[in-house]
Amino acid sequence: MLVNDVSLRGLIPGELAKGFGFFQSKPSSAFSPVAVTPDELGKAWHDSKVHLPLISHYNREPFGHPNAGVDMTFDFAELVAHAAKTRPLSAGCIVGSGTVSNKQGTEFGTSIEEGGVGYSCIAERRMIETIRDGQPTTSFMRFGDSIKIEMVDDNGQSIFGTIEQTVEKY
């Protein structure tokens with residue numbers, strides 16, 4: 001399945017300073033409407049990784065399509081084994097892999113506008129902009145902004161369904 005793990009970046013520093021950890025700054029995550037087993041991914045599943053692009057649109061504009069199996073530091077077998085060292089993992093347990101990102105043959109990733117595969121995380125894009133240009137130019141999401149995330153098979157069919165969210169006041 002896919003997940004959109006949201007961070008409220010403006011709240012994180014205050015929470016961490018208090019030693020309380022992430023609570024208010026990590027609201028509910030959004031999950032795709034469909035979960036599949038690895039065998040249903042066919043040839044896209046090998047080496048305990050999904051080798052397909054994760055496609056995202058930010059405000060209806062292409063934002064990223066990095067390949068989830070490329071540059072993945074720890075595969076799913078390693079992630080599950082690591083998590084199981086300190087707790088039992090029961091049926092239905094969800095283990096996330098973290099942000100999908102590709103180095104694209106360079107030290108830093110490259111946006112779609114610059115001919116790269118883009119990003120799956122606004123904070124990552126802002127970090128690259130800061131390293132490269134001295135300051136970020138991509139803003140964090142604001143009220144009214146939207147994100148669409150999906151993964152498709154070789155025939156262009158959605159595998160997990162689509163996550164579509166718009167930032168709204170609570």
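The values are calculated or read from the model by the stated rules, or taken from the named source; none is laboratory data. Here the structure is a predicted model, which means the values were calculated and not measured. Cβ atoms come from the backbone with ideal geometry, glycine included; neighbour counts cover every protein chain shown. To get the accessible areas, we keep the full protein, side chains included, count just its heavy atoms, and leave off ligands, DNA and RNA. Shrake-Rupley method; radii C 1.70, N 1.55, O 1.52, S 1.80 Å.
Observations on the model:
- For the range 71-156, applying the loop criterion from DSSP together with a ceiling of 15 other beta carbons within 10 Å to the GluC sites (Glu not before Pro) yields GLU107.
- Gained length - GLN24 relative to ALA123, 0.36 nm times residue gap less alpha-carbon distance: 33.8 nm
- Placing a pseudo-label 7 Å from each Cα along the Cα-to-Cβ vector at GLU113 and VAL70 gives an inter-label distance of 2.2 nm.
- Share of carbon and sulfur in the accessible area of the range 120-170 stands at 47%, probe radius 1.4 Å.
- Loop-resident trypsin sites (Lys or Arg not before Pro) (DSSP state other than H, G, I, E or B) in the range 1-80 with no more than 13 further Cβ atoms inside 10 Å of their Cβ: ARG9, LYS18, ARG60.
- Mean projected area in nm² (Cα convex hull; one quarter of hull surface) for the chain: 11.8
- Accessible surface for the chain, divided over its residues, is 64 Å² per residue with a 1.4 Å probe.
- Under 20 Å from the Cα of LYS148 - lysines, other chains or at least 8 residues apart: LYS26, LYS169
- Karplus-based coupling profile of the range 21-35, in residue order and whole Hz: x, 7, 9, 5, 7, 10, x, 4, 7, 9, 10, 5, x, 10, 10, with θ = phi - 60° in 6.51 cos²θ - 1.76 cosθ + 1.60 and x standing for Gly or Pro.
- Size of charge dipole - the chain - debye, nearest 20, with Cβ of Lys, Arg +1 and Asp, Glu -1, no other charges: 660
- Extension gain for GLN135 to ASP153 (0.36 nm times residue separation, less C-alpha to C-alpha distance): 2.8 nm.
- From its DSSP helices (H runs of at least four residues, each -39,500 (n - 2.57)), the chain gives a residue-normalised ellipticity at 222 nm of -4000 deg cm²/dmol.
- Volume in Å³ per residue [convex hull over Cα atoms, computed for the range 58-101]: 99
- The residues ARG132, ARG126, sorted by heavy-atom accessible surface at 1.4 Å with ligands and nucleic acids left out, run ARG132, ARG126 from largest to smallest.
- Within the listed set ASP154, ASP145, ASP75, the residue fluctuating most in the Gaussian network model of the chain (springs between alpha-carbon atoms under 10 angstrom) is ASP154.
- Cα-based shape type of the range 115-170, given that a ≥ b ≥ c are square roots of the gyration tensor eigenvalues and the cut on a/c is 1.5: oblate
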